[in-house]
Amino acid sequence: MERRSDGVVVRATGSWYEVLHDGQTLRCRIRGRLRLKGVRSTNPVVVGDRVTCERDEAGDCLITDIAPRSNYVIRRASNLSKESHIIAANIDRAVLLVTLRSPETPTEFVDRFLVTCEAYKVPVTILLSKIDLQEAEAVARFRTIYEAAGYEVVEVAAKAGVGLERVRELLAGRTTLLAGNSGVGKSTLVHAIDPSLDIRTGEISESHHKGRHTTTFSTMYPLSGGGAVIDTPGIKGFGLIDIDDDELWHYFPEMMRAAPGCRFYNCTHTHEPGCAVIEAVRSGEIAWERYESYLKIRDEDEKYRK
Ligand SMILES: Nc1nc2c(ncn2[C@@H]2O[C@H](COP(=O)(O)OP(=O)(O)OP(=O)(O)O)[C@@H](O)[C@H]2O)c(=O)[nH]1
Ligand SMILES: [Mg+2]
Ligand SMILES: [Zn+2]
């Protein structure tokens, strides 16, 4: 390797990083105090970052520069935490895996993730995962809610091969972030999409009795057909960062569509007379589940700020 080279971060553990350069993976550390200006987060370098690496005299590889990010997905670890964590940067699309049971993904978690993608301008698709285990009625309701909001919902069962064609189409030629609670099937899906990749899933290993292998570090896998997918560790809480109460509704697309009909231009859609959003909730045009999330997120994030 030359003394200096540019590459993409494909794995980040917090103490070391793998950088893909010219088909070769370099194991790097970061130079002390390296940070992008204006971004506060607990992890200065994230998967998807385009970086410059340099060899020092000892032959160690150091990340010395990060290119400005075209976008990123950021969250607060919990509503009470002040620490923000960037999940990935420079992505073309986020895919959120949701299971309604085994395990149950809370609706509010789904909505917090979607709000963040809207706010940070990341297109997002929802996958209803482990469809073989889901109740038809719950699936139908979920679809109604999120399709009405304007999201594509794809049903998948990675192990049985259901829905994989659409997923391959979504991933082809793009960099895609896979996110969702722990155990929803992210790693299993990546493996189903490209069985040649060496991926650890939560399958319990019978022969070794080692228990579940959950994903511990975010990793970007290049796909043989072009594009790349980022498998991430399951996340529990998803606190919003830098989204004011008064702009929260901008990130619920169905509320954005209804709001021009509100009587007051500065309507908060919580109590005002002549509110077209509340009217749309009453008529069923906007799902009450989504509206309830809106109120809950406003309420909780307000508590957090005090
Ligand atoms: N029935 C069924 N089980 C599945 C399916 N996909 C994954 N699983 C199982 O669900 C468990 C968790 O799968 P993983 O792929 O490890 O889940 P993950 O989202 O990567 O979890 P973390 O790495 O902890 O975030 C494993 O036991 C899988 O075998 C599916 O389509 N149907
Ligand atoms: Mg995993
Ligand atoms: Zn209103």
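The values are calculated or read from the model by the stated rules, or taken from the named source; none is laboratory data. Here the structure is a predicted model, which is why all the values come from computation and not from measurement. Quick reminder, even Gly has a Cβ in these numbers, built from the backbone with ideal geometry, and neighbours come from all protein chains shown. Side chains are part of the model used for accessible areas, which takes the heavy atoms of the whole protein and leaves out ligands, DNA and RNA. Shrake-Rupley method; radii C 1.70, N 1.55, O 1.52, S 1.80 Å.
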Please report the Cα spread of the stretch 4-66 along all three principal axes, rounded to whole Å, starting with the longest. 29, 24, 18
If you take the Cα atoms of the stretch 7-158, find Rg, then find the Kirkwood Rh from the mean of 1/r over all pairs, what is Rg/Rh? 1.07
Could you give me the percent of Cα pairs per 10 Å distance bin for the stretch 72-231, shortest bin first, beginning at zero and ending with the bin that holds the maximum distance? 10, 40, 38, 12, 1
To the nearest 20 debye, what is the magnitude of the charge dipole of the stretch 72-231 about its Cα centre, counting +1 on the Cβ of each Lys and Arg and -1 on the Cβ of each Asp and Glu? 400 debye
Table column - 3J(HN,Hα) (Hz), the stretch 178-184, Karplus curve with 6.51, -1.76, 1.60, x for Gly and Pro: 9, 10, x, 4, 5, x, 7
Compute the angle between helix 288-305 and the longest alpha-carbon principal axis of the chain, please, reported from 0 to 90 degrees and rounded to the nearest 10. 60 degrees
Check: in the chain the Lys pairs 8 or more apart or on separate chains whose Cα atoms fall under 25 Å apart number 24
Normalised by the number of residues in the stretch 30-123, what is the relative contact order in percent for Cα pairs under 8 Å and 6+ residues apart? 26 percent
Is the C-alpha gyration tensor of the chain telling us rounded, prolate or oblate? Criteria: a/c under 1.5 is rounded; beyond that, a/b larger than b/c is prolate, otherwise oblate. oblate
Could you run the Karplus curve 6.51 cos²θ - 1.76 cosθ + 1.60 with θ = phi - 60° over the stretch 104-114 and give me ³J(HN,Hα) per residue in whole Hz, x for Gly and Pro? 7, 8, x, 3, 5, 4, 4, 5, 5, 5, 5
List the residues whose amide H sits under 5 Å from the amide H of V162, counting only those 5 or more places along or on another chain, with H placed 1.01 Å from N in the peptide plane. A157
Collect residues whose amide H, placed 1.01 Å from N in the peptide plane, falls under 5 Å from the amide H of T214; neighbours closer than 5 in sequence don't count. none
Length-normalised contact order of the chain, Cα under 8 Å, at least 6 apart, in percent, tallies to 16 percent
Cβ charges +1 (Lys, Arg) and -1 (Asp, Glu), total dipole of the chain, debye: 760 debye
accessible surface per residue for the stretch 9-163, probe 1.4 Å, DNA/RNA/ligands not counted, whole Å² -> 47 Å²
Selection from Y72, L100, G150 lying farthest towards where the dipole of the chain points positive, charges on Cβ: Y72
Free-by-geometry Cys in the chain, Cβ-Cβ under 4.7 Å as pairing rule, reported as C53, C117, C275
List the trypsin sites (Lys or Arg not before Pro) within the stretch 135-193 that DSSP assigns to loop and that have no more than 15 neighbouring Cβ atoms inside 10 Å. K159, R174
For K296, project a label point 7 Å along Cα to C-beta. Then give me every residue of the stretch 65-95 with its amide nitrogen under 19 Å of that point. 75-81
Which is the longest run of the chain containing none of the chymotrypsin sites (Phe, Trp or Tyr not before Pro) found in DSSP loop states (not H, G, I, E, B) with at most 11 other C-beta atoms within 10 Å? 1-263
Quick one: pull the percent of accessible area on the chain belonging to carbon and sulfur, 1.4 Å probe, ligands and nucleic acids left out. 49 percent
Could you tell me which of rounded, prolate or oblate describes the stretch 252-305, using a ≥ b ≥ c as the square roots of the eigenvalues of the alpha-carbon gyration tensor, with rounded for a/c under 1.5 and, failing that, prolate when a/b is larger than b/c and oblate otherwise? oblate
List the residues, sorted by chain then number, that are 5 or more residues from L127 or on another chain and whose placed amide H is less than 5 Å from its amide H. L96, L97, V98, V154
Expressed as a rounded percentage, what relative contact order does the stretch 114-176 have, with Cα pairs under 8 Å and six or more residues apart? 31 percent
Which longest uninterrupted range of the chain lacks any GluC sites (Glu not before Pro) assigned by DSSP to a loop state (not H, G, I, E or B) and surrounded by at most 14 other Cβ atoms within 10 Å? 207-284
